[in-house]
Amino acid sequence: GKSPTKKSGAVFIHGMPEDSSWATQISQYREAANEEHNDFMSDQKSQATDVDYEMRIRVVVRKRPMSKREAAQSGDVDVIHPLDYDDHGRVLVYQPKTKLDLTKEVEVAKFAFDNVYDETSNNLDIYNTSVKNLIPGVFHGKWASVFAYGQTGSGKTFTMMGSGMTGMKAGNQAENLSDANLGLYFLAAQDVFLLAE
């Protein structure tokens, strides 16, 4: 993949020292990754992808928004970069490092998952692309389980139960009052009762 060259690791403004901070380096890595992602997605638009819902196990990752406290802390940089490729997802983790000569650099760790959702995704997006197609199989003798795993405060209850269980301010999203954040359990129950009729 594309990565900034050594010379592009810093921003130079005439008369000012070069900016080689981690925030600048991570911003440049994000731009390069977004450009590569956009190129890939524009190439894939012409090809229909058929997602295999017969998979026995799917691993789905959702990035929660930074809290107001996290966003307010000076010097904090968002180092998690989710990218959705329709039939799979990648998460890039930018790891700021200080070398022995005290220069700053950023290492990029890449992880792949079946689906990846960024902080702007809502529960309805997640349900429609990751869970909804499991429901009809239940009426044909198949089993389906969905569970959430993560540390305290990572958004498990918000995703599974919805904004009504966690409070309207959860997730820092303006659309928490809408049907888009009802929760995966509620959305699945709605479809179960619709199919049972």
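The values are calculated or read from the model by the stated rules, or taken from the named source; none is laboratory data. None of these values were measured; they are calculated from a predicted model. All Cβ positions, even for glycine, are placed from backbone atoms using ideal geometry, and neighbour counts span all protein chains on display. Note: accessible area is taken over every heavy atom of the protein model, side chains too, but ligands, DNA and RNA are not part of it. Shrake-Rupley method; radii C 1.70, N 1.55, O 1.52, S 1.80 Å.
Against the conditions (1) over 25 Å from Asp76 (Cα atoms); (2) modelled with pLDDT under 75, Asp39 satisfies every one except (2). Number of residues in segment 122-143 that are farther than 19 Å from Phe158 by Cβ and of a type in the set (S, T, N, Q) equals 1. Residue pairs whose Cβ atoms lie under 6 Å apart, sitting 6 or more positions apart in sequence or on different chains, and linking a residue in segment 128-140 that is closer than 17 Å to Ile57 by Cβ and free of Cβ contacts under 8 Å to residues at least 60 places away in the same chain to a partner that is open to solvent by less than 70 Å² (accessible area, probe 1.4 Å) and not in a helix (DSSP H, G or I), are Val131/Val146; Val138/Ala144. Selection of segment 74-124 for residues being closer than 26 Å to Met160 by Cβ, open to solvent by 60 Å² or more (accessible area, probe 1.4 Å) and more than 12 Å from the chain's Cα centre (by Cα) yields Asp86, Asp87, Leu124.
Candidates in segment 80-111 are the residues that are aliphatic (A, V, I, L, M) and touching a residue at least 60 places away in the same chain (Cβ under 8 Å); of these, the one that is farthest from Val60 (Cα to Cα) is Val106. What's the number of the only condition in (1) open to solvent by less than 50 Å² (accessible area, probe 1.4 Å); (2) modelled with pLDDT of 90 or more; (3) not charged (D, E, K, R) that Asn128 fails to meet? Of (1) open to solvent by less than 50 Å² (accessible area, probe 1.4 Å); (2) modelled with pLDDT of 90 or more; (3) not charged (D, E, K, R), only one is false for Asn128: (1).
Scanning segment 132-165 for residues that are modelled with pLDDT under 85, open to solvent by 50 Å² or more (accessible area, probe 1.4 Å) and assigned to a helix (DSSP H, G or I) gives Gly164, Met165.
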